[in-house]
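Derivation of every value follows stated rules applied to the coordinates shown; laboratory data play no part. All values reported here derive from a predicted model rather than from experimental measurement. Heads up, the Cβs are rebuilt from the backbone with ideal geometry, glycines too, and the neighbour counts pull from every protein chain shown.
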Amino acid sequence: MKSFRKGRGQGTEMLHRRFDGNFYRIERARRRDAVDIASLYKRVWDEYEGKFPDELVKARQPTAEQMKEWLKHDAYFVVREDSRIVGVVGCSLIHGTCLLMHMVVDRGHRKRGIGSALTEKAIEYAKENGAVKVWLDTAPRLKEAMSLYEKFGFVRCGHLRKHYWGEDIYLYELML
């Protein structure tokens, strides 16, 4: 990451970051972003067909209408390169905690710090909203995701066996 600045755009706070010579904007997702976010989830989770249970892959690929519902209930933050959404994370405030969920980065934009920026944004959102911790679940097979979370100080605090359609899940938490 080479630069960082906060700005305002269209009434929504944006974080502008520069990775590999490209500027990315991190901003709160809006209802009109639902189609693009659903498309990103579809592209990313298509990569996991045959590697994860079909039901799990399908559950991670909302339709645009389902995405609009998700946006009504939880905060989602997107990373844009120009106008294209290349990363997304969801944050759900539950019982004084913040669930970090549904984070993906488009294949061609990985290894550029976007996942780190989204994780930072989720932690910031949790703190701003008085959460005592950020927690998440992930599959043990997603080694890069686990490495990212551990880099931020998340600690594995649980193991749910055969939890999502037969897939083991690890729970992680970061006390704030």
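Brief remarks follow.
- Residue 157 paired with residue 73, simple spin-label distance in nm, labels 7 Å along Cα-to-beta-carbon: 2.2
- Taking 0.36 nm per residue of sequence separation and removing the Cα-Cα distance, the residue 51/residue 23 pair yields an extension gain of 6.8 nm.
- Shape parameters for region 3-175, alpha-carbon atoms, Rg then Dmax in Å: 15.5, 44
- Neighbour counts of other Cβ atoms within 10 Å put 46, 33, 106 in the fewest-to-most order 46, 106, 33.
- Amide H to amide H distances under 5 Å link residue 163 with 168, 169, where only residues 5 or more positions off or on other chains count and H is placed in the peptide plane.
- Local net charge near residue 91, Cβ-Cβ under 13 Å (Lys/Arg +1, Asp/Glu -1): 0
- Whole-Å distance, taken between Cα centres, linking region 116-130 and region 37-90: 19
- Here region 3-175 is assigned +1 on the Cβ of each Lys and Arg and -1 on the Cβ of each Asp and Glu. Its dipole about the Cα centre then comes out at about 460 debye.
- Among the listed pairs 42/143; 121/143; 72/151; 51/72, those beyond 29 Å (Cα-Cα): 72/151; 51/72
- Nonlocal amide H pairs with residue 133, under 5 Å, H built at 1.01 Å: 98, 176
- FRET efficiency estimate (nearest 0.05) - Cβ-Cβ, residue 127 to residue 58, R0 45 angstrom: 0.85
- Positive dipole terminus of the chain, leading residue within 29, 62, 73 (C-beta point charges): 29
- Taking the DSSP bridge list for the chain and keeping only pairs wholly inside it, about 95 percent are antiparallel.
- Residues 150, 27, ranked from the fewest to the most other C-beta atoms within 10 Å, line up as 150, 27.
- Sorted ascending by nearby beta carbons within 10 Å, beginning with the fewest, 83, 116, 147 become 83, 147, 116.
- Amide H to amide H, with H built 1.01 Å from N, residue 24 comes under 5 Å of 17, 18, 19, counting only residues 5 or more places away or on other chains.
- Summing charges over all other residues whose Cβ lies under 12 Å from the Cβ of residue 106, with Lys and Arg as +1 and Asp and Glu as -1, gives +4.
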